[in-house]
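Asks: Quick one: structure below, then a few questions.
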Amino acid sequence: AQKITQTQPGMFVQEKEAVTLDCTYDTSDPSYGLFWYKQPSSGEMIFLIYQGSYDQQNATEGRYSLNFQKARKSANLVISASQLGDSAMYFCAMSRGSGGYNKLIFGAGTRLAVHP
Amino acid sequence: EAGVVQSPRYKIIEKKQPVAFWCNPISGHNTLYWYRQNLGQGPELLIRYENEEAVDDSQLPKDRFSAERLKGVDSTLKIQPAELGDSAVYLCASSLDRLGKENEQFFGPGTRLTVL
């Protein structure tokens, strides 16, 4: 069975600093996708970044980068130059296969607080 | 482009009452998902539609929950009768049937259900 583990219930970071949010996963499927979503207090899930299991390069999207270590089954999210607006819940998720039509398995989330 | 639309945003009912949630996905998205997010947890899939067909409803409590997606566009999720444990945020998402990065699921703002 697939499983996502986020071991950090909460994280604090100073504005303009970088922060790493941890995510480990467990699956026996050779093909899978890894996602990070941001959920602000408004409740909407906002897609941040995607990494496919066969991708050779670590994914990057602006200030977001994904540190993908396949052998360790980890997919940590790195946010550079934190902003106050980054304060939110962050969820790591996994899909079976790289198709978009599969369900996402989510972790429990990490609450990030950015301080001025 | 309009995002995923859900209504109502909030609903408060007494236990044993029925309740229904409505979702309008992004135009052209053939896959629609209903997730339930309990407080302090990540979303969990209830049901997934490909066009009009429910292709994954293994997590849907079928004794009290039902869903439909007529004409492969809008969808309705119903609970009858509601129980105290059904209090949660119900999220609707939609996606294209694509591979890789283009398979991201777009989420609506959710409906926050409180059962008294």
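Asks: What's the number of the condition B:Pro109 fails, among (1) in a loop (DSSP other than H, G, I, E, B); (2) crowded, with 19+ Cβ neighbours inside 10 Å; (3) within 14 Å of chain A (Cβ to nearest Cβ)?
Replies: (2) is the only condition that B:Pro109 fails.
Asks: Would you be able to tell me the number of residues in region A:37-92 that are of a type outside the set (Val, Ile, Thr), open to solvent by 70 Å² or more (accessible area, probe 1.4 Å) and not in a loop (DSSP other than H, G, I, E, B)?
Replies: Counting residues in region A:37-92 that are of a type outside the set (Val, Ile, Thr), open to solvent by 70 Å² or more (accessible area, probe 1.4 Å) and not in a loop (DSSP other than H, G, I, E, B) gives 1.
Asks: Considering only residues that are hydrophobic (A, V, I, L, M, F, W, C), farther than 23 Å from A:Gly109 by Cα and surrounded by 11 or more Cβ atoms within 10 Å (Cβ to Cβ), which ones fall in region B:1-31? Please lay out each step first, then the result.
Replies: Of the residues in region B:1-31, the ones hydrophobic (A, V, I, L, M, F, W, C) are B:2, B:4-5, B:12-13, B:19-23, B:26.
Adding the requirement that they be farther than 23 Å from A:Gly109 by Cα leaves B:2, B:5, B:12-13, B:19-23, B:26.
Hits for region B:1-31 are B:Val5, B:Ile12, B:Ile13, B:Val19, B:Ala20, B:Phe21, B:Trp22, B:Cys23, B:Ile26.
Asks: Also, I was wondering about something else. Which residue is nearest to the other protein chains (Cβ to nearest Cβ), if the candidates are limited to region A:20-36 and must be in a strand (DSSP E or B) and more than 12 Å from the chain's Cα centre (by Cα)? Talk me through it step by step, then tell me what you get.
Replies: So in region A:20-36, the residues in a strand (DSSP E or B) come out as A:20-21, A:24-26, A:32-36.
So of that shortlist, the ones also more than 12 Å from the chain's Cα centre (by Cα) come out as A:26, A:32.
Working: A:Asp26: 15, A:Tyr32: 12 Å.
Among them, the one singled out is A:Tyr32.
Asks: Still on this structure, please answer the following. Can you tell me which residue among B:Ala82, B:Ala54, B:Ala20 is away from chain A (no Cβ under 14 Å) and assigned to a strand (DSSP E or B)? Steps first, answer last, please.
Replies: Numbers: B:Ala82 fails: assigned to a strand (DSSP E or B); B:Ala54 fails: away from chain A (no Cβ under 14 Å).
Step by step, each of B:Ala82, B:Ala54, B:Ala20 is checked, and only B:Ala20 is away from chain A (no Cβ under 14 Å) and assigned to a strand (DSSP E or B).
Asks: Here is a further query. Being in a loop (DSSP other than H, G, I, E, B), open to solvent by less than 20 Å² (accessible area, probe 1.4 Å) and either polar (S, T, N, Q) or modelled with pLDDT of 95 or more (or both) is the filter here; which residues of region A:93-116 pass it? Can you show your working first?
Replies: If we filter region A:93-116 for residues that are in a loop (DSSP other than H, G, I, E, B), which is where we start, we get A:97-98, A:100-103, A:107-109, A:116.
Adding the requirement that they be open to solvent by less than 20 Å² (accessible area, probe 1.4 Å) leaves A:97, A:100, A:107, A:109.
A:Gly107, A:Gly109 - these are the residues of region A:93-116 that are in a loop (DSSP other than H, G, I, E, B), open to solvent by less than 20 Å² (accessible area, probe 1.4 Å) and either polar (S, T, N, Q) or modelled with pLDDT of 95 or more (or both).
The values are calculated or read from the model by the stated rules, or taken from the named source; none is laboratory data. Remember, predicted model here, so these are calculated numbers, not experimental data. All Cβ positions, glycine included, derive from the backbone under ideal geometry; neighbour counts span all protein chains shown. Keep in mind that these areas ignore ligands, DNA and RNA; they rest on the heavy atoms of the full protein, side chains included. Shrake-Rupley method; radii C 1.70, N 1.55, O 1.52, S 1.80 Å.
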